[in-house]
2 protein chains.
Amino acid sequence: MNKKISRRKLLWGAATAASVALIRTVTGQSIHAAVPDPTKMPGPLPGPVGKRSPFEHPVRKPSDISSRSPLQDLYGMITPSDLHFERHHAGIPAIDPHQYELLIHGMVDRPTVFTLADLRRFPALSRICFIECSGNFRTGKETMTPQDICGLTSQSEWTGVLLSTLFREVGVHPKATWFLAEGSDAAVMTRSIPVSKGWDDAMIVYGQNGEAIRPEQGYPARLLLPGWEGNTSVKWIRRIELSDQPFMTREETSKYTEPIKDGKIRQFSFEIDARSIITFPAWPVQLEKGWIEIRGLAWSGRGKIKRVEVSVDTGKTWLPARLQEPVLDKAHVCFRYLWNWRGEETEILSRAIDETGYIQPTLGQLVKARGVDMGGYHLNPVTAWRIRRDGAVLFKPENWK
Amino acid sequence: MNKKISRRKLLWGAATAASVALIRTVTGQSIHAAVPDPTKMPGPLPGPVGKRSPFEHPVRKPSDISSRSPLQDLYGMITPSDLHFERHHAGIPAIDPHQYELLIHGMVDRPTVFTLADLRRFPALSRICFIECSGNFRTGKETMTPQDICGLTSQSEWTGVLLSTLFREVGVHPKATWFLAEGSDAAVMTRSIPVSKGWDDAMIVYGQNGEAIRPEQGYPARLLLPGWEGNTSVKWIRRIELSDQPFMTREETSKYTEPIKDGKIRQFSFEIDARSIITFPAWPVQLEKGWIEIRGLAWSGRGKIKRVEVSVDTGKTWLPARLQEPVLDKAHVCFRYLWNWRGEETEILSRAIDETGYIQPTLGQLVKARGVDMGGYHLNPVTAWRIRRDGAVLFKPENWK
């Protein structure tokens with residue numbers, strides 16, 4: 001995976017014009033017995049659905065309640081749908097799309113049940129954005145991958161109808177200020193959402209990366225609140241109730257709140273703060289000297305990423321990384337930074353700056369702002385990777401600076 | 001799928017405040033026996049890789065040499081990787097990525113073999129663009145879907161290294177004007193490509209929609225020539241030879257050329273002309289009266305789509321459709337157009353205009369420009385769907401206007 005470019009085999013003289021068969025001999029390579037020369041035997045014909053190469057085995061790391069996207073194995077900004085992280089409160093419900101209904105009621109003029117066909121008939125919109133779990137930070141040991149540390153974020157192209165379109169259809173009362181979003185999983189997952197988000201950019205989505213949304217992601221339809229903590233984008237959504245106050249459901253009282261300073265608890269902290277992580281090089285990569293392209297992801301729930309800065313000298317100096325166009329609103333963006341590693345021991349870090357001017361904090365700054373007992377939500381500290389002289393790359397769990 | 005919005009069930013009075021269970025009774029719906037109430041039973045736990053819903057069965061339509069993307073079943077601009085169209089000349093080769101090598105030689109200073117690890121170590125780039133087969137037009141009967149008519153176009157986010165980076169690495173001679181791209185399938189597929197495309201935006205890609213490129217798409221690496229006819233983006237690429245003339249391979253002499261006027265044949269017609277197709281409503285959809293969102297795809301190999309125009313009156317008048325942002329270079333873009341169908345017999349059509357000012361031609365204009373015997377390549381006529389009074393939607397094979 002990380003062979004040095006200097007190992008490239010240069011071909012000289014007569015070999016230059018030789019056939020590929022000869023080249024293979026010259027470079028001393030032999031074809032693996034399991035894979036005969038593919039030019040000598042026609043391969044399988046086209047099929048109805050494609051499959052991964054048998055040499056590729058990307059997997060999420062599942063627990064009983066979640067599974068994490070393998071960020072270090074991915075390319076670009078789209079997460080393959082079958083590798084999108086999962087977080088459920090009672091497993092994946094099996095829903096017959098022909099039986100699916102979404103009820104919108106409460107402080108509305110025309111309480112209405114929408115079938116899936118109804119939702120699809122409204123003007124549609126597609127947008128590429130991330131969904132991140134608010135509990136997306138793990139730490140504690142050096143031997144952690146990006147997937148281990150923050151694999152509860154993924155990105156898809158979502159297609160559906162703007163919730164504002166449905167709000168106009170049912171006639172939401174001017175005095176409605178909150179709505180309840182309720183899922184049809186066995187947890188009957190519920191969250192209270194300010195109506196303003198419904199009028200802004202909330203969607204009911206039924207399409208993901210070109211196809212029907214996946215079962216783990218809310219099939220046949222979920223709420224999508226771009227840039228907000230993942231649990232508020234209620235999956236398998238079956239009911240929206242308009243009200244003039246929040247509903248104070250279990251998930252927003254006992255959970256999904258976080259301690260801040262002076263013994264206070266913060267509730268309804270919806271927006272995902274700007275964050276970045278270097279996904280290459282990262283543990284367990286073994287680095288070789290020479291030019292390395294440091295690669296990673298950056299994102300913000302408050303808008304576009306304006307800049308990502310990388311430090312290759314333990315945070316002493318920071319320089320801007322290249323951002324992959326198009327840089328989209330509330331979306332993962334790939335960043336890349338060329339670095340010539342000469343074998344020194346160092347730490348490499350990245351920090352995201354979003355269009356609001358917010359700068360991704362260090363763990364020390366987070367603790368200073370929120371106290372030592374910060375809980376497990378909305379933690380977005382700068383991630384440091386320690387590079388040892390022998391090329392080992394290790395996560396630095398206590399990166400306070 | 002296309003139930004009228006007016007069928008939505010309105011709930012009045014006491015039912016408004018009732019539970020969802022009651023609502024279901026009120027509307028007379030019963031849960032399908034195979035899917036018990038999902039709120040009453042915890043579902044399966046998270047897993048290493050997700051699966052489609054058992055209710056979803058999108059498929060390509062395979063023949064011995066190709067398979068076609070189900071355009072009418074897709075959402076947004078990304079084609080799921082396992083539904084990307086296929087076109088092979090000798091099936092799908094099985095390639096061990098650890099044995100993979102790309103040789104660049106000929107008119108270069110430093111003929112070089114690159115391993116996959118070498119390619120991944122170079123500065124990377126991601127871009128979303130379409131690949132379309134130059135033979136992507138079928139006609140002949142009314143009962144054809146968009147997949148049947150032009151399913152040999154698909155779009156992915158591709159990740160890899162710019163070919164210009166490799167050109168600099170090997171020192172391409174200033175007098176080199178063409179290169180041979182050779183695949184390692186059993187057809188040893190070869191095409192001659194002008195070097196200028198290599199210096200412009202050609203890539204060697206190893207990533208597709210976030211993961212390793214799929215076997216049918218060239219695993220572990222393919223050439224990508226954005227905007228050019230698909231067969232030139234040689235899959236399973238193993239050799240690039242720089243030269244000062246084209247190589248006149250089988251595929252560019254006996255095939256992939258097209259008759260133009262006066263008995264002449266056009267060769268090296270690389271660029272994909274601007275095109276669009278309405279994917280909804282399309283055969284076999286049964287239309288119902290009322291507001292319909294006409295939806296489709298538009299693309300051009302020459303740059304961005306500037307405008308898509310839709311006619312709902314058999315081509316008499318044309319109005320601009322909405323384009324889904326971001327509109328990307330050499331990429332499929334979704335267009336949408338709201339139409340109130342009152343039950344009249346009519347034809348609906350779309351035409352793409354790209355940033356060069358090129359307007360997608362009618363079949364009549366194509367014939368006028370290229371003669372009746374146009375062959376089977378680079379055909380991009382305006383597609384018309386006939387709407388009958390009974391709501392049937394039929395392809396109009398002979399749409400000359």
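Which of A:40/B:235; A:306/A:396; B:264/B:368; B:261/B:330; B:235/B:306 have a Cα-Cα distance over 24 Å? Present the calculation step by step, with values, prior to reporting the outcome.
On the way: A:40/B:235 16 Å; A:306/A:396 26 Å; B:264/B:368 15 Å; B:261/B:330 28 Å; B:235/B:306 30 Å.
Too far apart for the 24 Å limit: A:306/A:396; B:261/B:330; B:235/B:306.
For residue B:48, go 7 angstrom from Cα along the Cα-to-Cβ vector, then report the distances to that same point in the other copies in nm, smallest first.
2.6
Extension gain residue B:390-residue B:340, at 0.36 nm per residue separation less the Cα-Cα distance, in nm?
Values: separation 50, 0.36 × 50 = 18.00 nm, distance 1.55 nm.
Answer, rounded to one decimal: 16.5 nm.
What's the long-distance tail for the stretch B:324-401, i.e. % of Cα pairs beyond 15 Å? Spell out each step's value before the answer.
Values: 2027 of 3003 pairs.
So the pairs more than 15 Å apart make up 67 percent of the total in the stretch B:324-401.
Give the relative contact order (percent, whole number) for chain A; include only Cα pairs under 8 Å separated by 6+ residues.
Details: 916 pairs, mean separation 60.9, N = 401.
Relative contact order comes out at 15 percent.
Alpha carbons only, please: Rg and Dmax for the stretch A:275-395, in angstrom.
For the stretch A:275-395, the Cα radius of gyration and maximum Cα-Cα distance read 14.6, 42 Å.
Arranged by the count of other C-beta atoms within 10 angstrom, fewest first, what order do A:355, A:132 take? Each step should come with its number before you reach the end.
On the way: A:355 15, A:132 23.
Ranked by crowding around the Cβ, least crowded first: A:355, A:132.
Reachable lysines from residue A:175, Cα under 20 Å, same-chain residues fewer than 8 places away excluded?
Correct list for residue A:175: A:197.
In terms of the ratio Rg/(2.2 N^0.38 Å) built on C-alpha atoms, what value belongs to the stretch B:177-298?
Numbers: Rg = 18.6 Å, N = 122, 2.2 N^0.38 = 13.7 Å.
Taking the Cα Rg and dividing by 2.2 N^0.38 Å, one obtains 1.36.
In whole Å, what are the Cα extents of the stretch B:64-256 along the three principal axes, biggest one first?
Sorted largest first, the three principal extents are 56, 36, 29 Å.
Measure out, as a whole number of angstrom, how far apart the alpha-carbon centroids of the stretch A:256-307 and the stretch B:291-331 sit.
So the two Cα centres are separated by 38 Å.
Considering only the other residues whose Cβ falls under 12 Å of the Cβ of residue A:96, what net charge follows from Lys and Arg at +1 and Asp and Glu at -1? Don't skip to the end; give the middle numbers.
Numbers: positive: none; negative: A:101, B:37, B:56.
Charge balance in the 12 Å sphere: -3.
How big is D for the stretch A:107-201, in µm² s⁻¹ as a whole number, if Stokes-Einstein is applied with the Kirkwood radius of its Cα pairs at 25 °C and 0.890 mPa s?
Roughly 151 µm²/s, to the nearest whole number.
For residue A:284, place a label point 7 Å from Cα along the Cα-to-Cβ direction in every copy; what are the distances to the other copies, in nm, shortest first?
So the label point of residue A:284 gives 5.2 nm to the other copies.
Taking the number of other C-beta atoms within 10 Å as the exposure measure, put B:37, A:96 in order starting with the fewest.
Working: B:37 13, A:96 17.
Arranged by neighbour count, lowest to highest, B:37, A:96 become B:37, A:96.
Whole number please: convex hull volume per residue of the Cα set in the protein assembly as shown, in Å³?
On the way: hull volume 133.9 nm³, N = 802.
Spelled out: Cα convex hull of the protein assembly as shown, divided by residues, is 167 Å³.
What is the spin-label model distance, in nm, from residue B:57 to residue B:267 if the labels are put 7 Å beyond Cα along the C-beta direction?
It is 4.7 nm.
What percent does the relative contact order of the stretch B:212-357 come to when contacts are Cα pairs within less than 8 Å and at least six residues apart?
22
Compute the label zone of residue A:37 within the stretch B:171-200: residues whose backbone N is under 20 Å from the point 7 Å along Cα-to-Cβ.
Residues passing the 20 Å test: B:181-191.
Shortest first and in nm to one decimal, what separations exist between residue B:262 and its copies in the other chains, measuring from label points 7 Å along the Cα-to-beta-carbon line?
Reported distances to equivalent positions: 8.7 nm.
If the convex hull of the alpha-carbon atoms of chain A is projected onto planes in all directions, what is the mean projected area in square nanometres?
Numbers: hull surface 97.1 nm².
The Cα convex hull of chain A, projected and averaged over all directions, gives 24.3 nm².
In whole Å and largest first, what semi-axes does the C-alpha gyration tensor of the stretch A:39-91 yield when each eigenvalue is scaled by 5 and square-rooted? Can you show the working numbers first?
Values: eigenvalues 184, 36, 22 Å².
The answer is 30, 13, 10 Å, longest axis first.
For the stretch B:77-206, what is the relative contact order in percent, using Cα pairs closer than 8 Å and at least 6 residues apart in sequence? Don't skip to the end; give the middle numbers.
Details: 181 pairs, mean separation 38.3, N = 130.
This gives 29 percent for the stretch B:77-206.
Zone of residue B:64 (label point 7 Å along Cα→Cβ, backbone N under 13 Å): which residues in the stretch A:46-60?
Backbone N within reach: A:46.
Using a cut-off of 18 Å between alpha-carbon atoms, which aspartates and glutamates can reach residue A:316, once sequence neighbours fewer than 8 places away in the same chain are excluded?
A:344, A:345, A:347, A:398
What residue in chain A has the Cβ closest to the axis turning A into B, and how close is it in whole Å?
Reported as residue, whole Å: A:326, 2.
Around residue B:280, with a cut-off of 12 angstrom between Cβ atoms, what is the net charge of the other residues, counting Lys and Arg +1 and Asp and Glu -1? All intermediate terms of the calculation are to be shown ahead of the outcome.
Values: positive: A:120, A:121, B:295, B:336; negative: B:73, B:293.
Summing Lys and Arg as +1 and Asp and Glu as -1 gives +2.
Any read-out appearing in this document is the output of simple, stated calculations on the displayed coordinates, not a laboratory observation. The shown structure was predicted, so the numbers you read here are calculated from the model rather than taken from an experiment. Backbone-built Cβ (ideal geometry, glycine too); neighbour counts: all protein chains shown.
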